[in-house]
1. With a 10 Å cut-off between alpha carbons and a GNM built on the chain, which of F160, F112, F59 moves the most?
2. Step through the residues of the stretch 72-77 one at a time and calculate ³J(HN,Hα) from phi using the Karplus curve (6.51 cos²θ - 1.76 cosθ + 1.60, θ = phi - 60°), rounding each to whole Hz and writing x for Gly and Pro.
3. Kindly provide the chymotrypsin sites (Phe, Trp or Tyr not before Pro) of the stretch 170-246 that DSSP labels as loop, not H, G, I, E or B, and whose Cβ sees at most 11 other Cβ atoms within 10 Å.
4. Tell me the mean residue ellipticity at 222 nm calculated for the chain from its helices only (DSSP H runs of n ≥ 4, each -39500 (n - 2.57), averaged over every residue, nearest 500).
5. Looking only at K29, K158, K198, which one moves most when the chain is put into a Gaussian network model with springs between Cα atoms under 10 Å?
6. Cut-off under 25 Å on the C-alpha distance; same-chain residues fewer than 8 positions from K93 excluded. Which lysines are left, in chain and number order?
7. Looking at the square roots a ≥ b ≥ c of the eigenvalues of the Cα gyration tensor of the stretch 91-174, which shape do they give, rounded for a/c under 1.5, prolate if a/b is larger than b/c, or oblate?
8. From the list [x] 26; [y] 42; [z] 38, can you say which value of percent of Cα pairs over 30 Å apart was derived from the structure given?
Amino acid sequence: MFDPQNPSHLFGIPNGVDFPRSLVNGLIKRMDGRPPHEMAQVEIIVNTRRMARRMRDLFDAGPALLLPRIRMLNEIEDLLPDLDVPKSNSALKRRLELVQLVANLLEREQSFAARASLYGLADSLATLMDEMQGEGVSAEAIANLDVTDQSGHWERAKTFINIAQSYIDLSQDTPDTEARQRIIVQNLVERWEHTPPKHPIILAGSTGSRGTTLMLMQAIARLPNGAVILPGFDFDMPTDVWTSLS
């Protein structure tokens with residue numbers, strides 16, 4: 001389906017173009033002349049349910065053909081049916097546990113923040129944990145950053161960060177959604193390095209703004225039958241501008 005001479009299969013659709021329609025039309029054109037069952041073997045991974053619905057509607061509009069499998073980014077564990085990953089922790093359970101941890105901190109260090117900020121701090125802590133796990137960054141790596149801080153704000157921030165790391169360390173058996181997704185992607189990457197899938201896998205519409213998604217995009221782009229399709233790609237941008245961004 002893709003050029004075997006090109007080790008990386010990275011494509012783009014420019015701004016102003018109907019992304020789902022262009023993707024569907026391009027796939028139908030590329031599969032033209034191939035056995036009908038090969039279209040049904042294609043896996044398409046998208047990042048929003050809206051795009052998944054739109055693509056299904058476009059395929060349903062014809063012509064008549066076997067349809068590819070369209071799945072969301074958070075449904076990729078089906079690509080590794082034998083992988084045993086614990087179910088993710090309940091968001092409500094996590095929030096209540098974080099509220100208790102922050103409450104304990106405020107009792108120990110009353111100057112840290114006002115008691116009225118308890119729930120806001122717990123939500124901020126949850127967001128921080130999602131970022132840390134999604135990017136694969138530990139509290140130790142953050143603490144080692146060279147931050148000149150004469151006011152003590154950074155030391156207080158590190159206390160907050162350490163709470164996040166402690167919670168993550170104690171939640172290995174029930175990982176959060178971000179941690180669970182990263183575990184799945186890491187296992188996929190490792191599996192594909194030794195046994196790449198024989199059927200086409202296309203990841204479309206993501207830009208790799210999150211570390212875990214970027215890891216998956218890089219792995220799929222290296223597959224013999226993989227492709228990554230970027231949205232809103234600027235084909236007219238000069239080479240020197242692209243170079244300055246890298």
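1. F112
2. Result, rounded to whole Hz: 7, 4, 8, 10, 6, 4.
3. Numbers: sites: W192, F233, F235, W242; in loops: F233, F235.
Filter output for the stretch 170-246: F235.
4. Details: 10 runs with 123 residues, N = 246.
Mean residue ellipticity at 222 nm (helix-derived): -15500 deg cm²/dmol.
5. Largest GNM mean-square fluctuation: K29.
6. K158
7. Details: a/c = 2.05, a/b = 1.07, b/c = 1.92.
Cα axes put the stretch 91-174 in the oblate bin.
8. [y]
No value in this document is a laboratory result; all are computed from the given coordinates. Note that the structure is a prediction, hence the values are computed from the model and not measured. FYI the Cβ positions are ideal-geometry reconstructions off the backbone, even for glycines, and counts take in every protein chain you see.
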